[in-house]
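Input: a single structure, listed below in structure tokens.
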Amino acid sequence: MVLFGIDPGTAATGYGVISAVNNTISWVDSGVIRTRGDANLAEKLVEIYEKVRAGILKHCPDRVCVEQAFYGKNVHTTLLLGHARGVVLLAAKQANVEIVEYSPREIKKAVVGKGNAQKDQVAYMIKTLVSPPTEHTASDAYDALAAALCGYFNYNSMKIRGIK
């Protein structure tokens, strides 16, 4: 099973791909899609869409695991995040891939064991569990790998309970 995790954002969209075979999880790919700072919103969304779609087509995942919007105090930021999520969901749907969405709290709980974990704790656990060969400077790639890992744990849990 191949899982493609996405941590959407208009300035930086993290992506992470893992493979799970016989309960062995391995890193496949991860990184950050950075949009140009001088680009307008529409240009940023096109860039995110094209790069996410290319990643999905390259890795042919069984599932795309997308982090849901975090509802913070800044409504404008939440709205921009919604735009980025929209193009990510469109890219996955057009590739006919199953889409699952998890809240930041669900992802942190699945990977770290507590829903209020800090970003450095998530990164530490991803390095421990998935062992990406590259040290990422931005947390977005680790967050995306965490979303993929959450998708794997969730899928296995459902399978054990006979839901899948």
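So that you can scan it fast, the table gives a plain yes or no per residue for (1) touching a helix residue (DSSP H, G or I) at 6+ places or on another chain (Cβ under 6 Å); (2) within 24 Å of residue 119 (Cα to Cα); (3) not in a strand (DSSP E or B):
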| position | (1), (2), (3) |
| --- | --- |
| 29 | no, yes, no |
| 58 | no, no, yes |
| 64 | yes, yes, no |
| 85 | no, yes, yes |
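In the list 64, 100, 88, 75, which residue meets the criterion of being open to solvent by less than 30 Å² (accessible area, probe 1.4 Å), farther than 17 Å from residue 141 by Cα and β-branched (Val, Ile, Thr)?
Working: 64 fails: farther than 17 Å from residue 141 by Cα; 88 fails: farther than 17 Å from residue 141 by Cα; 75 fails: open to solvent by less than 30 Å² (accessible area, probe 1.4 Å).
Criteria check complete, one pass: 100.
Return the pair list, or none, for Cβ contacts closer than 8 Å from residues in the stretch 108-135 that are closer than 14 Å to residue 7 by Cβ and open to solvent by 100 Å² or more (accessible area, probe 1.4 Å) to residues that are modelled with pLDDT of 90 or more and outside any loop (DSSP other than H, G, I, E, B), at least 6 apart or on different chains.
The qualifying pairs are 119/139; 119/142; 119/143.
Please find, among 43, 47, the residue that is open to solvent by less than 50 Å² (accessible area, probe 1.4 Å) and free of Cβ contacts under 8 Å to residues at least 24 places away in the same chain. So that I can check it myself, show each step before the final result.
Details: 43 fails: open to solvent by less than 50 Å² (accessible area, probe 1.4 Å).
None of the others qualify; the one that does is 47.
List the number of the failed condition for residue 76; all other conditions in (1) over 14 Å from residue 6 (Cα atoms); (2) touching a residue at least 12 places away in the same chain (Cβ under 8 Å) hold.
Exception for residue 76: condition (2).
Looking at 107, 99, 48, 56, which is the one that is modelled with pLDDT of 95 or more and touching a Phe, Trp or Tyr at 6+ places or on another chain (Cβ under 7 Å)?
Numbers: 107 fails: touching a Phe, Trp or Tyr at 6+ places or on another chain (Cβ under 7 Å); 99 fails: touching a Phe, Trp or Tyr at 6+ places or on another chain (Cβ under 7 Å); 48 fails: touching a Phe, Trp or Tyr at 6+ places or on another chain (Cβ under 7 Å).
The conditions single out 56.
Please specify each residue of the stretch 1-22 satisfying the condition of being of a type in the set (S, T, N, Q) and in contact (Cβ under 8 Å) with a residue 40 or more places away in the chain. So that I can check it myself, show each step before the final result.
If we filter the stretch 1-22 for residues that are of a type in the set (S, T, N, Q), which is where we start, we get 10, 13, 19, 22.
Residues satisfying the conditions are 10, 13.
Considering only residues that are in contact (Cβ under 8 Å) with a residue 40 or more places away in the chain and not charged (D, E, K, R), which ones fall in the stretch 50-66?
52, 55, 56, 59, 60, 61, 64, 65, 66
The values are calculated or read from the model by the stated rules, or taken from the named source; none is laboratory data. As the structure is a prediction and not an experimental result, all values here were calculated from the model. Reconstructed Cβ throughout: ideal geometry from the backbone, glycine too, with neighbour counts over all protein chains shown. Quick note on the areas: whole protein, heavy atoms, side chains included, nothing else; ligands and nucleic acids left out. Shrake-Rupley method; radii C 1.70, N 1.55, O 1.52, S 1.80 Å.
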